[in-house]
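Reading through the structure tokens given below for one structure.
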Amino acid sequence: FFSSRRRHTRLQGDWSSDVCSSDLTIMANSIQCLKNPNLALQNILNISNKCIVTLPNFAHWSCRLDLFLGKMPVTKNLPVPWYETKNIHLCTIKDFEELCNNLDLHVIEKLYLNNNFKESALTKLLPNLFAAEGVYSIERK
């Protein structure tokens, strides 16, 4: 995790609300590796005003094709075979947005990126199918 205050402080590891507070926390491609991603989001927003979350989209068309062909996906965002991955809670764009809604979190901004890490007309139109990665800025409501 990366925490940014006015002086750009970097902290890693387990946090508790007694330890610190920050303006912004970045959770880059790690939410799917956590045992309890829902609790992690809640805890981060207890100590940080906002959080930027990036996550691979398991519903991307290339992942769907690999699953249809009977194998776990290996993509730019999911670069290692299933037996070497740290991912334990893969999700889709739709799943993450539903989680934010269930946790009563406000999505300030969201970007749907393709395999070239850029937004496109297709990623905006059908993000769950064409976005390889979701990027979210969230806060408590």
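The values are calculated or read from the model by the stated rules, or taken from the named source; none is laboratory data. What you see is a predicted model, and the numbers here were worked out from it, not measured in a lab. Because the Cβ atoms are built from the backbone with ideal geometry, glycine has one as well, and the counts that use them run over all protein chains shown. Surface areas here come from the heavy atoms of the whole protein model, side chains and all, with no ligands, DNA or RNA. Shrake-Rupley method; radii C 1.70, N 1.55, O 1.52, S 1.80 Å.
Structural remarks
- Whole-number accessible area per residue in Å² for the range 74-141, which is evaluated in the context of all protein chains at 1.4 Å: 63 Å²
- Around the amide H of L24, modelled in the peptide plane, lie the amide H atoms of S4, N49, K50, all under 5 Å away and 5 or more residues distant in sequence or on another chain.
- Each Lys and Arg contributes +1 and each Asp and Glu -1, all at the Cβ; summed about the Cα centre of the chain, the dipole is approximately 300 debye.
- Using heavy atoms of the protein chains and a probe of 1.4 Å, the accessible area assigned to V74 is about 80 Å².
- Sequence-distant residues sharing a close amide H with N29 (under 5 Å, placed H): T54, L55
- Averaging the Cα positions of each part gives two centres, and for the range 84-115 and the range 116-141 these lie 9 Å apart.
- Global form of the range 75-141, assessed from the alpha-carbon gyration tensor, a/c cut-off 1.5: oblate
- The label-point distance for N38 and K71, in a model that sets each label 7 Å from Cα toward Cβ, rounds to 3.4 nm.
- Loop-located GluC sites (Glu not before Pro) in the range 71-141 whose Cβ has at most 15 other Cβ within 10 Å (DSSP): E84, E119
- Couplings 3J(HN,Hα) for the range 72-82, derived from phi with the Karplus relation 6.51 cos²θ - 1.76 cosθ + 1.60 (θ = phi - 60°), are 6, x, 10, 9, 4, 8, 10, x, 10, x, 3 Hz, where x marks Gly and Pro.
- Cleavage-rule hits (chymotrypsin sites (Phe, Trp or Tyr not before Pro)) in the range 51-99: DSSP loop, at most 12 neighbouring Cβ within 10 angstrom: W82, Y83
- Prolate/oblate/rounded call for the chain, Cα gyration tensor, a/c under 1.5 rounded: prolate
- Pairs beyond 27 Å (Cα-Cα), from K76/K110; K86/K124; K76/K124; K110/K141; K50/K94; K35/K71: K86/K124
- Heavy-atom accessible area with a 1.4 Å probe sorts C91, C51, largest first, into C91, C51.
- Across the range 125-136, rounded Karplus estimates of 3J(HN,Hα) from the backbone phi angles (6.51 cos²θ - 1.76 cosθ + 1.60, θ = phi - 60°) give 6, 9, x, 5, 9, 10, 7, 7, 8, x, 10, 10 Hz, Gly and Pro being marked x.
- Chymotrypsin sites (Phe, Trp or Tyr not before Pro) lying in DSSP loop within the range 102-141, provided at most 14 other Cβ fall within 10 Å: F117
- Average Cα contact separation per residue, the range 23-76, under 8 Å, 6 or more apart, as relative contact order %: 37 percent
- Computed [θ] at 222 nm, helices only, for the chain once each DSSP H run of length n ≥ 4 contributes -39500 (n - 2.57): -7000 deg cm²/dmol
- For the residues D104, D23, a 1.4 Å probe over the protein chains yields an accessible-area ranking, largest first, of D104, D23.
- Distances between placed amide hydrogens fall under 5 Å for E133 paired with N57, L113, all partners being 5 or more residues away or on another chain.
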